[in-house]
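Enquirer: A single structure is presented below for examination.
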Amino acid sequence: MAITDIPEYAHLTEVEIEALGAELDAIRADIEADRGERDARYLRNTIRFQRGLELAGRALIFGSSKRSMWWAGAGALGVAKIVENMELGHNVMHGQWDWMNDPEVHSTSWEWDNTGPSAHWKHTHNFIHHKYTNVLGMDDDVGYGLLRVTRDQRWRPFNLGNLVYNTVLALFFEYGVAAQHLELGKKRKTPEAREQFRNDLADVGKKVGKQVAKDYVVYPALVAGTAGRSVGVGRAYRKALTANLTGNLIRNVWTNAVIFCGHFPDGAEKFTKQDIDSETRGEWYLRQMLGSANFRCGPALAFMSGNLSYQIEHHIFPDLPSNRLAEISIRVQTLCEKYDLPYTTGSFPVQYAKSWRTIAKLSLPNKYLRATADDAPETASERRFKQGLPEGARLVAAIDPETGRRRGLRSAIRALRRRGRGAHISATRTEMPAQQRRAA
């Protein structure tokens, strides 16, 4: 069931993990020492672009007399909301720009264009999700309490609706974000807990009310009051309201897609609670690397994803500026080569399709699925490689006698793929040199 021993699954010793951690610390130190004017300029330009695009979108909606102009305005507004939420809101609230000491772009003062209060999001995301990434029972982002995304989650008849639930979640993702912090299914046994829930619910209600009023009452009324003479008050109001609704839907669906590509495609592993409390910094780094996935893209798609196309690097360094993740990724891939660790990536359509495939498959009971909880595409465990080894043996990396290269987790995964499902149970053992198999 999931990964219980992260160092063993990765085929790394404690010394090797600490060495990996030290090399990642060095990357952090290099980026922190190099932050400066070009980074600040990138952020300022992003803010100008986002605000200009939003203004242009609203102007097009305001003066739209043709359907094409309306679509252009709604589309521009949707893209502006994506940039505000992902490249600005998400990253600013991670503290990526706190080093500038600018109150306008500081994590403590930013409130995003979203129904979820920023203070709530910073707790559920920055603290809970990034500290306990993909740890079952601790990270609420593993299925959001709604979806079954690993066979380690017990199947219930409710899960038959997996595809429907994710469709609704994608369309109204901002409301899912708003509700996540409330933990609606949690029992609150003490008066203090119930009082905290009431306060949190009031905060969400205020933020939702503010967003609904802005998008669906105030702005449409403003448009109707000024442009209504030419096209009719009711028609102008409906145009503005539906354009805002379309912009929000565009933002919600895109955000859901990007996030799912980083957390639910094949290779983004899940973990048990075992040893999490005592994990070292190096082990935390390793868990982020194994539990995240990237998608390949150019600069434009990276920007539109808030640079979460580099989800692995973001999880390793959540508070480093997003515009640096592309260069960091080159160094992280080099480390993956050195330690023979997988670097999970793929095209955007493929990663997103894999996420939906997992959601579809796991709507069914395990008896209808081929793989086991230890060797499924969407998650695995160290048992995936241990069948056929002596009782109590630990997985260790080998050194290829011909090339002198390390052969650990990534080599073992490749061996399984080559051999095909069904013949994989002794893959790790046969991949090790005979001398090392005897030592194991």
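Enquirer: Report the label-to-label distance for Thr167 and Arg41 in nanometres (one decimal), using points 7 Å from each Cα along the Cα→Cβ vector.
Expert: Roughly 4.8 nm, to one decimal.
Enquirer: Let me ask another. What FRET efficiency do you get for Thr108 and Thr403 if R0 is 60 Å and r is their Cβ-Cβ distance, rounded to the nearest 0.05?
Expert: E(calc), rounded to 0.05, equals 0.70.
Enquirer: Moving to a separate point now. With every protein chain present, what is the per residue accessible area of the chain (1.4 Å probe, Å²)?
Expert: It amounts to 45 Å² per residue over the chain.
Enquirer: In deg cm²/dmol, rounded to 500, what helix-only [θ] at 222 nm does the chain give when every DSSP H run of at least 4 residues adds -39500 (n - 2.57) and the total is split over its residues?
Expert: Helix contribution divided over all residues of the chain: -16500 deg cm²/dmol.
Enquirer: Can you tell me the Rg and the Dmax, both Å, for the Cα atoms in segment 284-416?
Expert: Rg and Dmax of segment 284-416, Cα atoms, are 17.1, 51 Å.
Enquirer: Over the chain, with a Gaussian network built from C-alpha contacts below 10 Å, which listed residue (Ser68, Ser363, Ser309) shows the highest mean-square fluctuation?
Expert: Ser68
Enquirer: Between Glu378, Glu18, Glu279, where does the largest GNM mean-square fluctuation fall for the chain, given springs only between Cα atoms within less than 10 Å?
Expert: Glu279
Enquirer: Over segment 266-376, what percent of the accessible surface lies on carbon and sulfur atoms, probe 1.4 Å?
Expert: The C+S portion of the solvent-accessible surface of segment 266-376 is 57 percent.
Enquirer: Take every Cα-Cα distance within segment 98-234, group them into 10 Å bins from 0 onward, and report for each bin the whole-number percent of pairs it holds.
Expert: Per 10 Å bin, starting at 0, the Cα pair percentages come out as 10, 28, 32, 19, 9, 2, 0.
Enquirer: Check cross-link reach from Lys210 to the lysines: straight Cα distance under 21 Å, and skip same-chain residues fewer than eight apart.
Expert: Lys81, Lys122, Lys239
Enquirer: With r as the distance between the Cβ atoms of Lys273 and Asn199 and R0 = 30 Å, compute the FRET efficiency 1/(1 + (r/R0)^6) and round to 0.05.
Expert: Step by step, r from the Cβ atoms, then E = 0.55.
Enquirer: Charges only on Cβ, +1 for Lys and Arg, -1 for Asp and Glu: so what's the dipole of the chain about the Cα centre, in debye to the nearest 20?
Expert: 2140
Enquirer: Next up: Expressed as a whole number of Å, what is the distance separating the alpha-carbon centroids of segment 71-100 and segment 177-240?
Expert: If we compute the Cα centre of each part, the gap is 19 Å.
Enquirer: Still on this structure, please answer the following. Rounded to two decimal places and with Rh computed the Kirkwood way over Cα pairs, what is Rg over Rh for segment 263-353?
Expert: 0.97
Enquirer: Averaged over all directions, how much area does the convex hull of the C-alpha atoms of the chain cover when projected, in nm²?
Expert: Mean orientational projected area (the chain, Cα hull): 24.4 nm².
Enquirer: Per 0.36 nm of contour for each residue apart, how much would the distance between Arg156 and Thr226 grow if the chain were fully extended, relative to their Cα-Cα spacing?
Expert: Difference between extended and current length: 19.9 nm.
Enquirer: Counting only protein heavy atoms, what percent of the accessible surface of segment 95-187 is carbon or sulfur at a 1.4 Å probe?
Expert: The C+S portion of the solvent-accessible surface of segment 95-187 is 62 percent.
Enquirer: Oh, and also: Can you list the DSSP H helices in the chain whose Cα atoms extend at least 18 Å along the helix axis and whose mean Kyte-Doolittle hydropathy is 0.5 or higher?
Expert: Long hydrophobic helices here: 67-83.
Enquirer: Still on this structure: Kindly provide the Kirkwood hydrodynamic radius of segment 142-197 in Å, to one decimal, from all pairs of distinct alpha carbon atoms.
Expert: Every distinct Cα pair counted, the radius reaches 13.0 Å.
Enquirer: Please report Rg (one decimal) and Dmax (integer) in Å for the Cα set of segment 106-176.
Expert: Considering segment 106-176 through its Cα atoms, Rg and Dmax are 14.1, 45 Å.
The values are calculated or read from the model by the stated rules, or taken from the named source; none is laboratory data. Small disclaimer: the values here were computed from a predicted structure and weren't measured. Note: ideal-geometry Cβ built from the backbone for every residue, glycine included; neighbour counts use all protein chains shown. Please note that ligands, DNA and RNA were not included when accessible areas were found on the heavy atoms of the full protein model with its side chains. Shrake-Rupley method; radii C 1.70, N 1.55, O 1.52, S 1.80 Å.
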